[in-house]
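A.B. asks: Following this message is one structure expressed as structure tokens.
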Amino acid sequence: IRQCWAALKPNFPAPIVERQFRFVDETNGIILSGKPDAYSIVGSQARIPDFKTGRTVGDHTEQLTGYSFLILDAYPELETAWGAPVHVRQREIGDPITLTRQQLQDWYGELVKTVKQDHFRPDLETCRYCPRRYACPARDDLLRSSLAVLVDPNITAASSITAELLAGVMAAKHLKELCETYLDAAKAEVLIRGEH
């Protein structure tokens, strides 16, 4: 991180480190909070480097957009936000985003629509950092319906998931991977030898 920061430091004067932000929308019952690794104010722009120290996968746009929204909310004089993931292990900067205040307001409007849906379909990306991910009714419904398809249609609650049941799900996942590997080998054989 120190080596990465040495290269980035000229672009982030007077950095503010790990400040906790909180935005409360009582009308819609939404609280957004976040603690960016660092950010700097340069003219009318917030600059946000988001350090990723592990082997990172996935898109970090939503996280950076959330940080941008929170920072511009706290600094009404700012006009834009620039942010990018900094992949420390690879020593590279990921795809940057630049957002105006209006684009952030539009993003928040879409977020409100998503949160206010009657049924929200969770997935790994949207739920990864949610503090309610283990007590979420939508996630519980998805888990229950998935297990009913895989194992037992009589499952009525996530609490009825036993160790044996989870072992069965893991075995099914392993079997799926083996089948996919076999199918890839079969396709390669056909390509090498022609149709059989």
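A.B. asks: How much accessible area does GLU110 have with a 1.4 Å probe, in Å² rounded to the nearest 10?
C.D. replies: About 100 Å², rounded to the nearest 10.
A.B. asks: Would you mind getting me the FRET efficiency between ILE30 and GLU79? Use the beta-carbon distance for r and R0 = 22 Å, nearest 0.05.
C.D. replies: Calculated transfer efficiency: 0.35.
A.B. asks: Right, another one. Accessible area per residue of the stretch 29-71 at 1.4 Å probe, in Å²?
C.D. replies: 40
A.B. asks: Considering amide H positions built from the backbone, and no H for Pro or chain starts, which residues 5 or more places from ASP50, or on another chain, come under 5 Å of its amide H?
C.D. replies: ALA84, VAL86
A.B. asks: What FRET efficiency, computed as 1/(1 + (r/R0)^6) with R0 = 30 Å and r the Cβ-Cβ distance, is obtained for HIS174 and ARG55, rounded to the nearest 0.05?
C.D. replies: It comes to 0.85.
A.B. asks: Related question: Which of the lysines could a cross-linker span from LYS35 if the Cα-Cα distance has to be under 21 Å and same-chain partners fewer than 8 positions apart are dropped?
C.D. replies: LYS9, LYS52
A.B. asks: What nm value, rounded to one decimal, do you get for the distance between TYR182 and SER145 when each label is placed 7 Å out toward the C-beta?
C.D. replies: Inter-label distance under the simple model: 3.0 nm.
The values are calculated or read from the model by the stated rules, or taken from the named source; none is laboratory data. None of the values given here were measured: they were computed from a predicted structure. Cβ atoms come from the backbone with ideal geometry, glycine included; neighbour counts cover every protein chain shown. When the accessible area is computed, the model is the full protein with side chains, heavy atoms only, and any ligands, DNA or RNA have been set aside. Shrake-Rupley method; radii C 1.70, N 1.55, O 1.52, S 1.80 Å.
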